[in-house]
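Enquirer: Handing you a structure now.
The values are calculated or read from the model by the stated rules, or taken from the named source; none is laboratory data. Being a predicted model, the structure only gives us computed values, none of them experimental. Heads up, the Cβs are rebuilt from the backbone with ideal geometry, glycines too, and the neighbour counts pull from every protein chain shown. Keep in mind that these areas ignore ligands, DNA and RNA; they rest on the heavy atoms of the full protein, side chains included. Shrake-Rupley method; radii C 1.70, N 1.55, O 1.52, S 1.80 Å.
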Amino acid sequence: MTARSQKYWTGDVSKLLRVRDGFRLSKVDPDATPGYGRSKKHAADDLVEGATQLEGLQEQLYAQSTRGAGDAVLLVLQAMDTAGKGGIIRHVVGAVDPQGVALAAFKKPTSEELAHDFLWRVGKRVPAPGRIGVFDRSHYEDVLIGRVRSLAPADEIERRYGAINDFEKRLADAGVRIVKVMLHISSDEQKARLMDRLTRPDKNWKYNPADVDERALWSQYMDAYQTVFERTSTEWAPWHVVPANRKWYARLAVQHLLLEALEGIGPSWPAADFDVAAERKRLAAT
């Protein structure tokens, strides 16, 4: 942990939010703000300050990739509908140069994708060196919706947990820092956010009647998430569960996790591969 990413935190947020042995999703308070001792009033300023740090670190990450460094960051975002994934992408990831971001939103598989293993389409969207990749929903849909909606046989769902761990281990070994986040909101908060979409004409377009059908399966989804955490929170790709009833906290927490990942890589400006003094003289002479 470095001082920059820890400046306004009263505790180590990464450790506080990390899924470890004995973790129970049912024990997480979606209203909580673990590790952050300031109020919503200060959160906006802190987010701006963190955004400046994030932008600078990502630029260094990209710069060193032009000299052959293979490091990248992958943010995996999972959540129930309305939990705030879009806000994370806009207000956190959106702070960096768009050229340094690779965003992938995995929707219902196409017929071509269904003809391959479930990880086939995911492997093609892994971020290139120097970039922050974001999976807005991800390969975990195949063991979440896949399990709850019985879209695959039980033995296939079981196989996928191991396949995911192997896939993520290969990414980590290749220099990809994986930040896996589940934004955790309460059922009541989701209901309020869905009602807001129905109440405001400017948000009607966001409403999907199918969301109500999914709400009816809330407990099954929570069980499916619990199994995901137990089976796929690994040393090389741990899960972090972020309380998300307070959007401002969720954004700060995810920003912190990204800053920590980048600081762990420690990107730096690459040295010039030409004679700087000579080029100054040449330029001055033009």
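Enquirer: Rounded to the nearest 500 deg cm²/dmol, what is the calculated helix-only ellipticity per residue at 222 nm for the chain, with -39500 (n - 2.57) per DSSP H run of length n ≥ 4?
Expert: -14500 deg cm²/dmol
Enquirer: So what's the gap between the Cα centers of the stretch 66-125 and the stretch 195-274, to the nearest angstrom?
Expert: About 12 Å separates the Cα centre of the stretch 66-125 from the one of the stretch 195-274.
Enquirer: Still on this structure, please answer the following. So what is the accessible area of the chain per residue, in Å², with the probe set to 1.4 Å?
Expert: 51
Enquirer: Would you kindly work out the equivalent ellipsoid of the stretch 131-229 from its C-alpha gyration tensor and give its semi-axes, the square roots of five times the eigenvalues, largest first in whole Å?
Expert: With the √(5λ) rule applied to the stretch 131-229, the semi-axes are 29, 19, 11 Å.
Enquirer: Convert each backbone phi in the stretch 232-240 into a coupling constant with the Karplus relation 6.51 cos²θ - 1.76 cosθ + 1.60 (shift: θ = phi - 60°), then list the ³J(HN,Hα) values in order as whole Hz, x for Gly and Pro.
Expert: 10, 8, 10, 4, 8, 8, x, 8, 10
Enquirer: Ordered by residue, what ³J(HN,Hα) values in Hz, to whole numbers, does the stretch 26-43 give under the Karplus form 6.51 cos²θ - 1.76 cosθ + 1.60, where θ = phi - 60° and Gly and Pro are x?
Expert: For the stretch 26-43, the Karplus curve yields 5, 8, 7, 8, x, 8, 6, 9, x, x, 10, x, 9, 9, 4, 4, 8, 4 Hz.
Enquirer: Let me ask something additional. By how many nm would the segment from Arg231 to Ser219 grow when fully extended, if each residue of separation counts as 0.36 nm and the alpha-carbon distance is taken off?
Expert: Working: separation 12, 0.36 × 12 = 4.32 nm, distance 1.85 nm.
Taking Arg231 through Ser219 to full extension adds about 2.5 nm, to one decimal.
Enquirer: Scan the stretch 1-80 for trypsin sites (Lys or Arg not before Pro) in coil per DSSP, keeping those whose Cβ has at most 13 other Cβ atoms within 10 Å, and list them by number. Please report the intermediate quantities before stating the final value.
Expert: Values: sites: Arg4, Lys7, Lys15, Arg18, Arg20, Arg24, Lys27, Arg38, Lys40, Lys41, Arg67; in loops: Lys7, Arg20, Arg24, Arg38, Arg67.
Hits after loop and neighbour filter: Lys7, Arg20, Arg24, Arg67.
Enquirer: Using a cut-off of under 17 Å, list every residue of the stretch 214-256 whose amide N is near the label point 7 Å from the Cα of Asp21 along the Cα-to-beta-carbon line.
Expert: 229-236, 238-239
Enquirer: Show me the trypsin sites (Lys or Arg not before Pro) within the stretch 110-197 that DSSP assigns to loop and that have at most 14 other Cβ atoms within 10 Å of their Cβ.
Expert: Lys124, Arg149
Enquirer: Would you indicate which of (i) 6, 26, 34, 22, 7, 3, 2, 0; (ii) 7, 31, 37, 19, 5, 1; (iii) 5, 23, 32, 22, 9, 5, 2, 0, 0 is the value of P(r) over Cα pairs in 10 Å bins from 0, in percent derived from the coordinates of this structure?
Expert: Among (i) 6, 26, 34, 22, 7, 3, 2, 0; (ii) 7, 31, 37, 19, 5, 1; (iii) 5, 23, 32, 22, 9, 5, 2, 0, 0, the one calculated here is (i).
Enquirer: Something else about it: With a 1.4 Å probe and every protein chain kept in, tell me what percent of the accessible surface of the stretch 158-246 is carbon plus sulfur. Mind showing how you got there, number by number?
Expert: Working: 2140 of 4280 Å².
Here carbon and sulfur together make up 50 percent of the probe-accessible area.
Enquirer: Now a separate question. Give me, ordered by chain and number, the residues 5 or more places off Ala72 or on other chains with an amide H under 5 Å from its own placed amide H.
Expert: When sequence neighbours closer than 5 places are left aside, the close amide H contacts are Gly130, Val176, Arg177.
Enquirer: If you take every DSSP beta bridge fully contained in the chain, what fraction is antiparallel? Give it as a percent rounded to 5. Mind showing how you got there, number by number?
Expert: Working: 2 of 25 bridges.
Of all bridge pairs located within the chain, approximately 10 percent are antiparallel.
Enquirer: Let me ask you something else. With the full set of protein chains in place, find how many percent of the accessible area of the stretch 6-68 is carbon and sulfur; take the probe as 1.4 Å.
Expert: Values: 1740 of 3680 Å².
Roughly 47 percent, rounded to a whole number.
Enquirer: Under 5 Å between amide hydrogens, which residues at least 5 positions from Val134 or on another chain qualify, with H placed 1.01 Å from N in the peptide plane?
Expert: Close amide H contacts, sequence-distant or interchain: Leu75, Ala102, Leu103, Ala104.
Enquirer: If you take the C-alpha gyration tensor of the stretch 188-286, multiply each eigenvalue by 5 and take the square root, what semi-axes do you get, largest first, in whole Å?
Expert: Working: eigenvalues 456, 110, 28 Å².
Semi-axis lengths for the stretch 188-286 are 48, 23, 12 Å.
Enquirer: Filter the chymotrypsin sites (Phe, Trp or Tyr not before Pro) in the stretch 1-67 to those in DSSP coil with at most 16 other Cβ atoms within 10 Å of their Cβ, and list the result. Let's see the in-between values first.
Expert: Numbers: sites: Tyr8, Trp9, Phe23, Tyr36, Tyr62; in loops: Tyr8, Phe23.
Those satisfying the criteria are Phe23.
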